[in-house]
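Take a look at the structure set out below.
The values are calculated or read from the model by the stated rules, or taken from the named source; none is laboratory data. This one's a predicted model, so the numbers in the text were calculated from it and none came from an experiment. Cβ: placed from backbone, ideal geometry, glycine included. Neighbour counts: every protein chain shown.
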């Protein structure tokens with residue numbers, strides 16, 4: 001009869017206690033049958049499958065070690081750490097909330113060391129840097145267009161903005177130039193009304209030394225480019 005895979009039962013298993021305990025312990029622990037310091041350590045760890053009400057493995061939040069120890073795994077508040085052997089450096093395990101994710105999304109590290117989701121861009125867009133963060137933009141030579149009939153602030157996803165002041169004055173505000181070095185935007189007035197179309201700055205930026213200027217005539221247009229701190233008219 002095969003040795004049962006369980007702990008011995010009190011008032012039962014006479015004469016086989018030792019065999020049962022030995023088999024039970026050796027499933028997870030190392031033993032070479034000699035007086036050896038390595039005996040008793042885990043040779044493998046088997047974790048039972050979880051269920052809808054019970055997690056297979058649960059960490060309790062605690063204080064991390066004052067001095068990192070190679071191979072240590074630690075959990076503190078919302079952060080999980082693992083310490084590598086090289087340099088005995090504690091590393092934070094990156095995690096993210098995927099509840100609102102979609103196919104093609106990207107994730108990047110924010111200033112707090114967390115993963116942040118960047119939704120997939122539109123067809124034809126390329127990944128660029130904007131203010132030190134990744135952002136989708138248009139490939140050189142590929143323009144997106146949009147018509148604005150009210151006040152509007154340009155974003156890094158814009159290329160050509162058509163301003164239509166037929167129904168009232170329109171102010172087109174440039175984004176902050178910092179972090180947008182090399183970005184080009186074009187603004188064109190398409191109406192012939194008496195209302196104004198004003199292009200203005202954000203923050204303390206200037207536009208060829210100006211804080212704003214006006215597109216007075218129908219079909220006039222202007223191109224603007226950032227050098228990373230100011231806007232210049234092309």
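Things worth noting here:
- Counting only residues that are closer than 22 Å to residue 176 by Cβ and modelled with pLDDT of 90 or more, region 136-157 holds 8 of them.
- Hits in region 35-85 (condition: touching a strand residue (DSSP E or B) at 6+ places or on another chain (Cβ under 8 Å), part of a strand (DSSP E or B) and either surrounded by 10 or more Cβ atoms within 10 Å (Cβ to Cβ) or touching a residue at least 40 places away in the same chain (Cβ under 8 Å) (or both)): 73, 74, 75, 79, 80, 81, 82, 83
- Whenever a residue of region 100-112 is surrounded by fewer than 10 Cβ atoms within 10 Å (Cβ to Cβ), its partners that are outside any strand (DSSP E or B), lying with C-beta atoms within less than 6 angstrom and at least six residues away or across chains, give the pairs 104/120.
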